[in-house]
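Reviewing the structure listed below.
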Amino acid sequence: MAQDKLINCLWFDHGEARKAAEFYAATFPDSHIGEAMKAPGDFPGGSEGTELTVEFTVLGRAFVGLNGGPNFTPDEAVSFMVVTEDQEETDRYWNAIVNNGGAESACGWCKDRWGFSWQITPRVLLEANANPDRAAAKRAFEAMMTMKKIDIATIERALAGDSVPA
């Protein structure tokens, strides 16, 4: 990871960075755990030799997990958007996150057990919202607004005008 010029650093409570990295690496393709750095000295809330950071890659993107303690927690101002190709992929990621201590939110958003927000977004939804037929785009958008996990078949029906959300 040393060659990367921009690496996202995610703050975790003590000892949680590796757990998160292991979960992400097991859940997403092109993901793995890299090197860890042990603290070279004592620090507030930790001692020398404690795992301070762990490098990991998610979907080919470099991250560093910092075991910083409870001082800071994630919020929805930053989220990870994962574009999916079909319902099976959408379900797999969504269910992995939610069923591992996470929580559902609205419009394709969910939170993992560490509080990080994920947008599990089927490509068809992005294309629907950009559809030059603005009436079709509006129907798809309105359908999305009623969902937690995105249902691709419902978005496609809304695009086609087969059903209008109530």
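The table below gives the values:
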item: Extension gain from Gln119 to Asn71, taking 0.36 nm per residue of separation minus the Cα-Cα distance; result: 14.8 nm
item: Protection proxy ranking of 153-162, 77-86 - average other beta-carbon atoms within 10 Å, highest first; result: 153-162, 77-86
item: Cα-based Rg and Dmax for the range 25-164, where Dmax is the largest Cα-Cα distance (Å); result: 18.9, 64
item: Within the chain, percent of DSSP bridges classed antiparallel, to nearest 5; result: 60 percent
item: Surface accessible to a 1.4 Å probe, per residue, for the residues of the chain, Å²; result: 55 Å²
item: Alpha-carbon centroid distance for the pair the range 96-166 / the range 1-61, whole angstrom; result: 31 Å
item: Options Leu125, Gln87, Ala106, ranked by Cα towards positive dipole end of the range 81-133, top entry (Cβ charges); result: Ala106
item: Most to least packed among 119-128, 42-51, 13-22 [average Cβ atoms within 10 Å]; result: 119-128, 13-22, 42-51
item: Fraction of accessible area attributable to carbon and sulfur, the range 1-106 (%, probe 1.4 Å); result: 52 percent
item: Per-residue [θ]222 nm for the chain (sum of -39500 (n - 2.57) over DSSP H runs n ≥ 4, rounded to 500); result: -9000 deg cm²/dmol
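The values are calculated or read from the model by the stated rules, or taken from the named source; none is laboratory data. No experiment lies behind these values; they were computed from the predicted model shown. Using ideal geometry, Cβ is built from the backbone for each residue, glycine included, and neighbour counts are taken over all protein chains shown. Protein only, heavy atoms only, side chains kept; ligands, DNA and RNA dropped before computing areas. Shrake-Rupley method; radii C 1.70, N 1.55, O 1.52, S 1.80 Å.
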